[in-house]
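The structure appears right after this line, and notes come after that.
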Amino acid sequence: MALPELQGTTLGLKRAAHLLRRATFGATKDQIASFSNLTAQSAVDLLFPKNITLPDPEPPIDPATGQEWVTTGTTGANSEDFELENYFLGWFVAQMMSAGVDNSMALAWSARERIVYFLHTHFTTIKSRVSSSRALYFQNQLLRLFALDGVNPDPEINFKTLTVKISVDNAMLRLLDGGLNVKGAVNENYARELHELYSIGRGLEGVVGTTPADGDYIVYTEEDIQAAARVLSGWDFDDTFENLDPDTGLPRGKVKGNPTNASQHDNTPKQFSARFNNNIIQPDQTLLNGTLPTEESALDEIRQLVDQIYSSPETAKNICRKIYRFFVWAPHTRNEMDPIENTIINEMANTFRDNGYKIQPVIENLLRSVHFYEAAGGVTDDNFGGIIKSPVDLIISTLKMFEVKLPDMVNNTEEFYMTTEEILGRINSMGMSFFEPYDVAGYEAYHQFPVYHRYWITPNALANRYDFIRTLITTGRQAMLKANVYDFITKHFAAEAGNVTQLINALAAHLLPVPYYNEPTNDPGLTDARINYFKKALLSEFTETYWQTMIWPGNNIEDKTIALEKLLNAMLQSPEYQLA
């Protein structure tokens, strides 16, 4: 049974802004206004259209050659690979910004890239460990292929199949030492993280289980990790990128030996514990080359392993918890978790299983649900503003609101990468080493109980968040990324700008997760004290009457710009703006 969905009403500004903050990387004022007139159903249908197929983005370009390198390979004319890795990161930032995408599908593009980013936070990678721009790119393309699994009619395009594919992905093989996992000397790194991080997990966060013996992790055991490592043995990084997966058309790893003799794969039966009903995984005799393991028999054993993991109800729940924390809210205590676990997570898991382990139907149902829009009042159960924006979200959503564009990658390649390099530098300064998480568990804000997204806020990171805002909107501060505040206000808020209170209310409705505006709502929005605080920022040099009668109607653009920059600095450096 799916989550009950919001019916019979248009979203309005507050809900529309909430949806676009969570389901995309932010939106413009006009996009929020357009979505405010839609129902939850029609809004989600626009974000995940069923009648169009979004194209893959054009590959990144190396400025040294003016050509892409990821599909054709590199030559001596290309940049060094550490430079190409950074170009890939800049290219991915551009996809999240929907750079160069027609306005008619910009939000759908952003919604897809939001899921790609979610999958990246789940199936983690570390750039310096992988040390291959092409492997990073192809893994990103693999995630993109499976991101919109709900609109793909192929039942095998689903999260469960992605778990199989990622197990032999080149970047994953290198990250978790797949090439060191051989028969007789197995390496358990990937087998361990496959269970703990990528699929079944170790039970509900904050629950201390009673383990019958050492090595029992409640839903699997150390014995299962050892057996799984043998299932996963015998694969290696393919630095030619010529071994293509027949289903995806993307490069994948290769077996040691050759396809007809996977010589380093453990071909013996693998016994699992009572946690998996004492199941035995063994090679399919029809796929062997006589008695020798083949690439296909080794891959079939991985499929059996993933089938076994997904046979546990805990796997669907664990994955749905991560979806919930990413798109809705991160419970920090058992008291917060239990009501969600027993209702929302269980229903999400049912939807996940009922749809053949496709995650898009789960996400769409969640984004249409009453729960997503109508959490109970109070600070402990309030979906609006319930997540601290990641550095990626803060930067990209701000740039999108102010309609700051990237240079064209094809025609202005050098400036394109200089600009994305500035974005990446800002992300790093705010405490997120993009594609360089501290360890293989990934960015702590997405997995580490009980802190979760609170990891984003430290004194240094917060200061750098504020510096990004000041640099972006303040005249005289030099940067590649600049917004013209006066043009922004005159384009989008000219009707309200002559009245200070109306201007603050209108800006808050689009910028802050708890806006004050004239719509039927039980949320009081900003307090009078907060409104007066923002007024003081705008009116530091004059009175409200003087603004309304002399400054705004006058011709002195510099005075208007200085005042508006002070107002927006106050609003965008507020605690409210750090929240999504």
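Data overview
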quantity	calculated
Conditions (1) under 21 Å from Arg368 (Cβ atoms); (2) part of a helix (DSSP H, G or I): number failed by Gln141	(1)
Residue selected from segment 520-541 under the condition more than 20 Å from Gly385 (Cβ to Cβ) and surrounded by fewer than 22 Cβ atoms within 10 Å (Cβ to Cβ), by the criterion modelled with the lowest pLDDT	Glu541
Those residues of segment 167-192 which are assigned to a helix (DSSP H, G or I), closer than 21 Å to Phe272 by Cβ and either of a type outside the set (Phe, Trp, Tyr) or touching a strand residue (DSSP E or B) at 6+ places or on another chain (Cβ under 6 Å) (or both), in sequence order	Ser167, Gly178, Asn189, Ala191, Arg192
Members of segment 1-37 that are of a type in the set (A, V, I, L, M) and more than 24 Å from Tyr117 (Cβ to Cβ)	Met1, Ala2, Leu6, Leu13, Ala33
Residue in segment 107-119 that is of a type outside the set (S, T, N, Q), surrounded by 23 or more Cβ atoms within 10 Å (Cβ to Cβ) and closer than 25 Å to Pro313 by Cβ present	yes
Where Tyr517 falls short, out of the listed (1) in a helix (DSSP H, G or I); (2) at pLDDT below 95	(1)
Residue match in segment 250-273 (condition: among the hydroxyl-bearing types (Ser, Thr, Tyr) and under 22 Å from Thr163 (Cα atoms))	yes
Only listed residue being surrounded by 15 or more Cβ atoms within 10 Å (Cβ to Cβ), at pLDDT 90 or above and in the same structural domain as Arg470 (by TED's automatic domain parsing), chosen from Ala483, Ala494	Ala483
Criterion (part of a loop (DSSP other than H, G, I, E, B), among the hydrophobic types (A, V, I, L, M, F, W, C) and outside the structural domain of Tyr455 (by TED's automatic domain parsing)) met by exactly one of Phe384, Phe435, Phe372, Phe352	Phe384
Pick from segment 263-284, criterion closer than 17 Å to Lys183 by Cα and not polar (S, T, N, Q), ranking: surrounded by the fewest Cβ atoms within 10 Å (Cβ to Cβ)	Pro269
Residue match in segment 442-455 (condition: within 30 Å of Tyr190 (Cα to Cα), acidic (Asp, Glu), within 21 Å of the chain's Cα centre (by Cα) and assigned to a loop (DSSP other than H, G, I, E, B))	no
Filtered residues of segment 534-580 (kept if of a type in the set (Phe, Trp, Tyr) and either in a helix (DSSP H, G or I) or touching a residue at least 24 places away in the same chain (Cβ under 8 Å) (or both))	Phe534, Tyr546, Trp547, Trp552, Tyr577
Of residues in segment 318-349 being of a type in the set (S, T, N, Q) and surrounded by fewer than 18 Cβ atoms within 10 Å (Cβ to Cβ), the one farthest from Leu119 (Cα to Cα)	Asn335
Cβ-Cβ under 9 Å pairs, at least 6 apart or on other chains, segment 60-72 side touching a residue at least 12 places away in the same chain (Cβ under 8 Å) and farther than 16 Å from Asn412 by Cβ, far side surrounded by fewer than 18 Cβ atoms within 10 Å (Cβ to Cβ) and of a type in the set (A, V, I, L, M)	none
Test: Ala441 is at pLDDT below 95 and within 30 Å of Thr65 (Cβ to Cβ)	no
Residue under evaluation His195, criteria (1) touching a strand residue (DSSP E or B) at 6+ places or on another chain (Cβ under 9 Å); (2) part of a loop (DSSP other than H, G, I, E, B); (3) within 23 Å of Ala316 (Cα to Cα); (4) not acidic (Asp, Glu), criterion not met	(2)
Matching residues, segment 245-297, being closer than 24 Å to Gln141 by Cα, in contact with a strand residue (DSSP E or B) (Cβ under 6 Å, 6 or more places away or on another chain) and among the hydrophobic types (A, V, I, L, M, F, W, C)	Val255
Every residue from segment 43-82 that is part of a helix (DSSP H, G or I) and surrounded by 14 or more Cβ atoms within 10 Å (Cβ to Cβ)	Ala43, Val44, Asp45, Leu46, Leu47, Asp81
Of the criteria (1) in contact (Cβ under 8 Å) with a residue 12 or more places away in the chain; (2) of a type in the set (Val, Ile, Thr); (3) within 30 Å of Lys405 (Cβ to Cβ), which one Ile166 fails	(3)
In segment 83-106, residue nearest to Arg252 (Cα to Cα) [restricted to those that are buried (at least 20 other Cβ atoms within 10 Å of the Cβ) and hydroxyl-bearing (Ser, Thr, Tyr)]	Tyr87
Condition met for Leu366 (buried (at least 19 other Cβ atoms within 10 Å of the Cβ), over 30 Å from Gln67 (Cβ atoms), modelled with pLDDT of 95 or more and among the aliphatic types (A, V, I, L, M))	yes
Contacts under 6 angstrom Cβ, first residue in segment 334-345 being within 18 Å of Ser369 (Cβ to Cβ), partner of a type in the set (A, V, I, L, M, F, W, C) and in a helix (DSSP H, G or I), 6 or more apart	Ile345/Cys320
Residues being in contact with a Leu (Cβ under 7 Å, 6 or more places away or on another chain), outside any helix (DSSP H, G or I) and on the phi < 0 side of the Ramachandran plot - total across segment 22-38	3
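The values are calculated or read from the model by the stated rules, or taken from the named source; none is laboratory data. Predicted, not measured: the structure shown is a model, and the values here were computed from it. Cβ sites come from the backbone with ideal geometry, for glycine too, and all protein chains shown count toward neighbours.
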